[in-house]
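Here is the structure we will look at.
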2 protein chains.
Amino acid sequence: MKTPSTALVLLSGGQDSTTCLAWALERFKKVKTLTFDYGQRHRVEVEQAGRIAKLAGVEQELMKIDLFSELSRSALTHHQLEVKAGEDGQLPTTFVPGRNLIFLSLAAMKAYQLGIRDIVTGVCQTDYSGYPDCREEFVRSLEQTTSLAMDTQFHFHAPLMRLSKADTVKLMNELGHLDWLKESHTCYEGRRPACSKCPACILRLKGFKEAGIIDPLEVES
Amino acid sequence: MKTPSTALVLLSGGQDSTTCLAWALERFKKVKTLTFDYGQRHRVEVEQAGRIAKLAGVEQELMKIDLFSELSRSALTHHQLEVKAGEDGQLPTTFVPGRNLIFLSLAAMKAYQLGIRDIVTGVCQTDYSGYPDCREEFVRSLEQTTSLAMDTQFHFHAPLMRLSKADTVKLMNELGHLDWLKESHTCYEGRRPACSKCPACILRLKGFKEAGIIDPLEVES
């Protein structure tokens, strides 16, 4: 039995949010997606999000925001910076402090406008080295804050919160939409076929390997 | 004795935030201001904020955001809509759901960047008819959420939260900077001298009258 309401899924075009979209379609009667165009390092991510929404047959809301280049020196928006994985206890250089705070707040505002109360996000505290705004505790606090801000009870769903990358792959396999991951974008180098050598590609490969499932994504040989 | 830290004051250019600036200068060793340029109905407000920061001798950070025209049909950003006061139990047409959620979240992100932990806002639950994101409960919840989001303890100060307009006028008088209010902008019609007839001008006039203090602002006769 599906919940008889509509959910708004934050769809970045990555593997996690694509899996969340499949999860939401299984659970909610109707699903819409919201993609932020925030000056990503690689625009291909936004384009892939559009392809995935199309594959899933759901509406896509696109929200353009010009905030983060001013607010951060992150590798995700400042193209000249080198991408580095976080070292022990240190935040990776891709960290934009408070980025999810803004994304999820804006998602709640958009949901409010659309009359939607259920918001689905792929944030996950397992694989993310040190992003404080990916933790369960943060998501619950934001749920309360956005609800107070708009005098409306929002429900934030974070189905991947405690899953490993391998578990996320298995979940997508069970949901029967593994093929959508062919369109999901992961590579930090912005390459399609994926480079298979950057930290993001390596993490993705590892997840599929551990799950014992073949990634439909094209990679450079 | 002043708190030996720096505060970031949200300065819109209105009467309340100007009073908060004076309050913060009395209390904190150093003060910076943050003004949002978000496509206000009247740009004069942003310009006046700059004049007030100069009068007070404090730095002004300006943050341009292009979000609300897309996110709302509010009279504050959609220039063609008529400005109406809220009727019983109804939100005024100037209501942008979640606007303070975004302003205060962005302020926390900017504060984080600047190494500032104290944020001062003029939100006030007394005079605002039905803005849920002006309530004390919301501000405390956001304080917790932003702190979790950036793993940093922020302190949000809302010195006007429970004051009437008259009390706010008296506070500014006690702080000795009544003259700064000459530069603060209130008029919904965007006029300087102020029109003295719109709901915002009427509320301001009433506050000064009840406080028994003469407003230094120029008004049309």
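The values are calculated or read from the model by the stated rules, or taken from the named source; none is laboratory data. Computed from a prediction, not measured in an experiment: that's the story for all the values here. We place every Cβ from the backbone using ideal geometry, glycine too, and count neighbours over all the protein chains shown. To get the accessible areas, we keep the full protein, side chains included, count just its heavy atoms, and leave off ligands, DNA and RNA. Shrake-Rupley method; radii C 1.70, N 1.55, O 1.52, S 1.80 Å.
Close amide H pairs (under 5 Å, H built 1.01 Å from N) link B:ASP37 with B:MET63, B:LYS64, B:ILE65, residues at least 5 positions away or on another chain.
Note on the protein assembly as shown: dipole from Cβ charges, positive end direction compared against A:PRO4, B:GLY57, B:PHE208; the farthest Cα belongs to B:GLY57. Our summary gives chain A a relative contact order of 21 percent, counting only alpha carbon pairs under 8 angstrom and 6 or more residues apart.
Only protein heavy atoms count here, probed at 1.4 Å, and on that basis chains B and A bury about 3000 Å² of accessible area in total. The slack in the chain from B:THR126 to B:LYS64, taken as 0.36 nm per residue of separation less the alpha-carbon distance, amounts to 19.5 nm. Note on B:ASP66: accessible area is roughly 110 Å² with a 1.4 Å probe, heavy atoms of protein only. Annotation for B:THR152, label-to-label distances across the other copies: 3.0 nm (shortest first, one decimal, point 7 Å from Cα along Cα→Cβ).
Note that region B:157-171 has calculated 3J(HN,Hα) couplings of 10, 10, x, 9, 2, 10, 8, 7, 4, 5, 5, 5, 4, 4, 4 Hz, one per residue in order, obtained from phi through the Karplus relation 6.51 cos²θ - 1.76 cosθ + 1.60 (θ = phi - 60°); glycine and proline are x. Closest approach to the axis carrying B onto A, counted by Cβ on chain B and given in whole Å with its residue, is B:THR145, 2. Amide H contacts for B:ALA7 (H built 1.01 Å from N in the peptide plane; partners 5 or more residues away or on another chain; cut-off under 5 Å): B:LYS30, B:VAL31, B:LYS32. When only alpha carbons are used to place a centre, region B:136-181 and region B:32-71 end up 18 Å from one another.
Seen from B:THR152, the other residues with C-beta closer than 12 Å to its C-beta sum to a net charge of -3, counting Lys and Arg as +1 and Asp and Glu as -1.
If you count, for every residue in A:148-156, the Cβ atoms of partner chains within 10 Å of its Cβ, what is the mean?
Mean shielding by partner chains, rounded to a whole number: 5.
The convex hull drawn around the Cα atoms of chain A, when projected onto a plane and averaged over every direction, covers 11.7 nm². Converting phi to 3J(HN,Hα) with the Karplus coefficients 6.51, -1.76 and 1.60 and the offset θ = phi - 60°, region B:117-124 yields 10, 9, 10, 10, 10, x, 4, 8 Hz in sequence order, with x at every glycine or proline. For chain B, the dipole from Cβ point charges (+1 on Lys and Arg, -1 on Asp and Glu) about the Cα centre works out to 340 debye, to the nearest 20. With all protein chains present, calculate the accessible area of B:ARG191 using a 1.4 Å probe and round the result to the nearest 10 Å². For B:ARG191, solvent-accessible area is about 110 Å². Placing +1 on each Lys and Arg Cβ and -1 on each Asp and Glu Cβ, with no other charges, gives region B:106-221 a dipole about its Cα centre of roughly 200 debye.
Charging the Cβ of each Asp and Glu at -1 and of each Lys and Arg at +1, and nothing else, the dipole of the protein assembly as shown about its Cα centre rounds to 140 debye. Across region A:43-54, in residue order, what do the Karplus-derived ³J(HN,Hα) couplings come to in whole Hz, using 6.51 cos²θ - 1.76 cosθ + 1.60 with θ = phi - 60° and x for Gly and Pro? Per-residue couplings from phi come out as 5, 4, 4, 5, 5, 5, 4, x, 5, 5, 4, 5 Hz. Counting from the shortest, the label point at B:SER196, 7 Å from Cα toward Cβ, is 7.9 nm from the same position in each remaining copy.
Spin-label model, A:ASP179 to B:GLN113: label points 7 Å out along the Cα-to-beta-carbon direction sit 4.5 nm apart. Across every direction, the projection of the convex hull enclosing the Cα atoms of the protein assembly as shown has a mean area of 22.4 nm². Placing a label point 7 Å from the Cα of A:ILE213 along the Cα-to-Cβ direction, the distances to the matching points in the other copies come to 6.5 nm, shortest first.
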